[in-house]
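Heads up, the thing below is written out as C-alpha cells.
What follows draws every value from the coordinates through simple rules; no lab data is involved. Worth saying up front: this structure is predicted, and the values here are computed from it rather than measured. Note: ideal-geometry Cβ built from the backbone for every residue, glycine included; neighbour counts use all protein chains shown.
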Amino acid sequence: MTQRTPQGKAVLAAVMIGSTLATSAACTANTESVQERRPKQQSERQPDGTRHGNRDVPPPAPSAAGGGQHAQRAFTLVASGDVLPHSSIIQRANTDAGGDGYDFVPMFKGIRPVVSKADLAICHMETVYGENGDYTGYPSFKSPPQIARALKVTGYDSCSTASNHTLDDGAAGVRRTLGALDKAGVKHAGSGRTAAEGRSPAWLRAGGAKVAQLAYTYGTNGYPQPKGRPWTVNLMERGRIIADARAARKAGADVVVVSAHWGTEWQDAPDRRQLSLGKQLTASRTQGRPDIDLIVGTHAHVPQAYEKVNKTWVVYGMGDQIAGDMINHAGENDPRGNQGTLGRFTFAPPAAPGGRWEVKKAEFIPQWFNTRTGRVTNLNAALARGADVADIRDRIRRIVLSRGAGKTGLVMGQ
C-alpha cells in the first residue's frame with residue numbers, strides 16, 4: 001500500500017486518533033500504474049439477516065447462560081489475512097475461468113482444508129468490488145465480485161471489510177461489495193450501507209456460542225466518508241471499539257472478536273500504536289469479564305507476532321493471503337508481502353453461566369501465496385509433500401513467536 005501523495009498523508013493524520021502509525025496509504029504490486037481516483041456516491045440498501053453456520057437465522061437474543069438453548073461445546077475459529085486482488089490476481093482469475101469471467105476458487109484450494117474444517121472462519125476482504133468489467137488494481141481497487149463466491153466455497157463464514165481501501169469507490173463500492181457478500185452467503189463487519197449496518201457486528205454461532213465480529217480501520221487513504229454517511233466505514237478509536245464490544249455483549253455475544261486493520265506496513269514487529277491499543281482493549285472489562293475475547297490484525301502485509309496480552313490473544317498481523325508481487329517502501333520486490341498465517345483458536349465453554357469462553361488451544365498455520373502459480377500454499381502441507389519451502393516456513397515461525405507466544409501456549413498447526 002505504497003502511495004506517495006501528500007494529500008493522502010495529510011488526511012490520514014486527521015483520522016488516526018493521535019496514532020503514531022507510520023503507515024503508507026495504498027497497496028502495491030509491481031505490475032500496477034499509479035493514478036488517483038475520487039470516490040463515487042450512491043444510495044445504500046438494508047442488509048440480510050444473520051447466519052447460523054451456512055444458514056440464515058434471526059438476530060441473537062441475550063443469553064444469560066452463554067449459550068441459551070444450544071448445547072455448549074468447544075469450537076474452532078480460524079482467521080486469515082488480507083485478500084488483496086492486484087491486477088495480476090484479477091488476470092489470473094480470468095485465466096482460471098478459461099478467459100470467460102473470473103474464477104478465484106482455485107487460488108484458495110491450498111488452504112481450503114484448514115478453513116472449511118473450522119467451526120467458524122473469518123477473512124479480511126481488503127478491497128471493494130466493481131461491476132460490468134470495471135475492475136482495477138493499485139492504487140484504487142475495484143475487484144471482480146466473483147471473489148465473494150470463492151470465499152464462500154473456501155469455507156469462510158464472515159469477512160472484515162474495514163480497510164484503508166474501503167472508500168476507493170465511495171458508497172457505491174461499499175454497496176456492491178456488501179451486496180455480493182450477502183448474495184454469496186458470507187457475513188461482513190466493518191462497513192455499512194446504512195447507519196444500523198455500519199455499527200452492527202457480524203453475528204455468527206458455533207459450539208452453542210453467539211459470536212460477534214467487529215471490524216475497524218486506522219484510516220481510508222485520505223478519502224472522506226461519503227457526504228451524510230459517516231458510518232460507511234468504521235474508523236479505529238479505542239472508546240468506540242470498547243463501547244461496541246460492550247453493546248455486542250449486552251445483545252447476547254458470548255465471544256467478541258475484533259478485526260483490526262492497523263500497524264506499519266513492511267514492519268515485522270508491531271508498532272507502538274498496536275502494542276498500546278492492544279493492551280488497552282484487552283484490559284477493558286465489565287464486571288470482571290473481558291469485553292473482547294480475540295483481536296486479529298491485518299494491513300502490514302507481512303506476518304507479525306502473536307501475543308497473549310491480559311490473558312487475551314492478539315494477532316498483530318496475519319500478513320497477506322492473496323496478493324500480487326509486492327513492492328516495499330524501497331521500491332523493491334519484497335517476498336514477505338506474499339507470506340502470512342492463519343490463526344486457529346479453540347474456544348471452550350465456561351464452567352459456569354456468564355463466564356468467559358476461554359481459548360484452550362492457540363495455533364498458527366504458515367502460508368504463502370505463490371505468485372507464479374497464483375495459488376495459496378499451506379507451507380506445512382507443502383513440506384510434507386517434499387516442497388523446498390522450509391526457509392519460508394521457518395522465517396514465518398520465527399516472526400510469529402518473536403514476542404514469546406510459544407511460552408504462553410501458541411503452537412504451529414497443520
(request) Enumerate by residue number the trypsin sites (Lys or Arg not before Pro) in segment 205-264 meeting two conditions: DSSP loop (anything except H, G, I, E, B), and at most 10 other Cβ atoms within 10 Å of the site's Cβ. (result) Lys227
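Anything over 20 Å Cα to Cα? Flag those among Lys117/Lys311; Lys117/Lys142; Lys279/Lys308; Lys311/Lys361; Lys183/Lys250, in the order listed.
Correct reply: Lys117/Lys311; Lys117/Lys142; Lys183/Lys250.
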(request) Sort out for me the Cα centre separation of segment 371-392 from segment 80-126, rounded to whole Å. (result) 16 Å
(message) Can you report the principal axis dimensions of segment 300-414 using only the alpha carbons, biggest first, rounded to whole angstrom?
(response) 52, 34, 23
(request) Could you tell me what percent of the DSSP beta bridges with both partners in segment 77-233 are antiparallel, to the nearest 5? (result) 35 percent
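Once you list every other residue whose beta carbon is under 12 Å from the beta carbon of Ala79, what net charge do they have if Lys and Arg are +1 and Asp and Glu are -1?
Local net charge: -2.
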(request) Over the Cα atoms of segment 101-251, compute the convex hull volume and normalise it per residue, giving Å³. (result) 114 Å³
(message) Quick check: the distance between the Cα centres of segment 300-353 and segment 130-150, to the nearest angstrom?
(response) 24 Å
(request) Counting other Cβ atoms within 10 Å, keep those with at most 16, restrict to DSSP loop, and tell me which trypsin sites (Lys or Arg not before Pro) in segment 84-158 are left. (result) none
(request) Quote the Stokes-Einstein diffusion coefficient, in whole µm² s⁻¹, for segment 357-399, based on the Kirkwood radius over alpha carbon pairs, a temperature of 37 °C and a viscosity of 0.692 mPa s. (result) 283 µm²/s
(request) Could you work out, for segment 253-358, what percent of all Cα-Cα pairs fall into each 5 Å distance bin, beginning at 0 Å and stopping at the bin that holds the largest distance? (result) 2, 12, 22, 20, 15, 11, 8, 5, 3, 1, 0
(message) Which one, Pro366, Leu383, Pro350, projects farthest toward the positive side of the charge dipole computed for segment 341-383 from Cβ point charges (K/R +1, D/E -1)?
(response) Leu383
(message) Between Arg238 and Lys279, what is 0.36 nm times their sequence separation minus the Cα-Cα distance? Round to one decimal in nm.
(response) 13.7 nm
